[in-house]
Amino acid sequence: MTRRVFLLNGLAILAVVCNHAVGWGYIAMFWWAHRYRPVSSPNFDQLGTLPYYALLVVKQLTVFSVPAFLFVSGFFVAYTARGSQPALNWKTVKVRTTNLLVPYITWSVVIFMGDFLQGITYIPVGYLERLAFGGATEAYFYIPLICQFYLLS
């Protein structure tokens, strides 16, 4: 069973890479069109073409990746907590959340500093709220979510 979960985890990793590649494909297709064609950007004349629909199909096929990561994490937490002497305790939860939160907070602070250099500032409570809900950048939403799941487990 764990081999299948690892397979799902591997497929989810590939799906995340493809999802990010699709995002950059859309940027190149619409916002960077002036770099490879004599048009002004943004240019949406490729909307409805075969490459557009190919990117759309890949985007739809990769939607499962974050729920798959959450499932795999939950599976291994449940696996750790099984039995008459469960190995899941507060120390384990602390280690797992610390391993997630240290890089999350570090990179969130880097993003906040970049925002500050661009003139984007928030009130102090706004920074805490963004940290609590993964708002430094939209890509980080799952880290506070998975930490909340670990605490609930």
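Sort 30-38, 107-115 by the packing proxy (mean of other Cβ within 10 Å over each peptide's residues), most packed first.
Peptide ranking by packing, descending: 107-115, 30-38.
Whole-Å semi-axes of the chain's equivalent ellipsoid, largest first, each the root of 5 times a Cα gyration tensor eigenvalue? Provide the component values of the computation, followed by the final result.
Working: eigenvalues 263, 121, 18 Å².
Whole-Å semi-axes of the equivalent ellipsoid: 36, 25, 9.
Can you pull the percent of the chain's accessible area that's carbon plus sulfur, 1.4 Å probe, other chains left in place?
70
What number, rounded to the nearest 500 deg cm²/dmol, is the helix-based mean residue ellipticity at 222 nm of the chain, given -39500 (n - 2.57) per DSSP H run of at least four residues and division by all its residues?
-22500 deg cm²/dmol
Got the relative contact order for the chain handy, in percent, Cα pairs under 8 Å and 6 or more residues apart? Mind showing how you got there, number by number?
Values: 98 pairs, mean separation 32.3, N = 153.
Relative contact order comes out at 21 percent.
On a 1.4 Å probe surface of the protein chains, which of Val17, Val5 comes out largest in accessible area, and what is the full order?
Values: Val17 90, Val5 5 Å².
Ranked list, largest accessible area first: Val17, Val5.
Which angle between 0 and 90 degrees, to the nearest 10, do you get for helix 65-81 versus the longest principal axis of the chain when only C-alpha atoms count?
Approximately 10 degrees, to the nearest 10.
Mind listing which trypsin sites (Lys or Arg not before Pro) in the stretch 58-138 are in a DSSP loop and have 16 or fewer other Cβ atoms within 10 Å?
Those satisfying the criteria are Arg82.
Compute the accessible area per residue over the chain, keeping the other protein chains in place, probe 1.4 Å, unit Å². Mind showing how you got there, number by number?
Details: 10700 Å² over 153 residues.
That works out to 70 Å² per residue.
Please determine, in degrees from 0 to 90 and to the nearest 10, the orientation of helix 2-26 with respect to the longest principal axis defined by the Cα atoms of the chain, where the helix direction is its Cα long axis.
Taking Cα atoms only, the helix is inclined about 30 degrees.
Tilt of helix 90-117 relative to the longest C-alpha principal axis of the chain, in degrees (0 to 90, nearest 10)?
Rounded to the nearest ten degrees, it is 30.
Which one, Ala15, Phe116, Gly48, is farthest towards the positive end of the dipole of the stretch 1-129 when Lys and Arg carry +1 and Asp and Glu -1 on their Cβ?
It is Ala15.
To the nearest 10 square angstrom, how much accessible area does Ile123 have with a 1.4 angstrom probe?
Accessible area, nearest 10 Å²: 120 Å².
Magnitude of the Cβ-charge dipole of the chain, K/R +1 and D/E -1, about the Cα centre, nearest 20 debye?
Here the size comes out at about 560 debye.
The values are calculated or read from the model by the stated rules, or taken from the named source; none is laboratory data. Computed from a prediction, not measured in an experiment: that's the story for all the values here. No Cβ is skipped: glycine too gets one built from the backbone with ideal geometry, and neighbour counts run over all protein chains shown. Accessible surface is based on the protein model in full, side chains and every heavy atom, while ligands, DNA and RNA are left aside. Shrake-Rupley method; radii C 1.70, N 1.55, O 1.52, S 1.80 Å.
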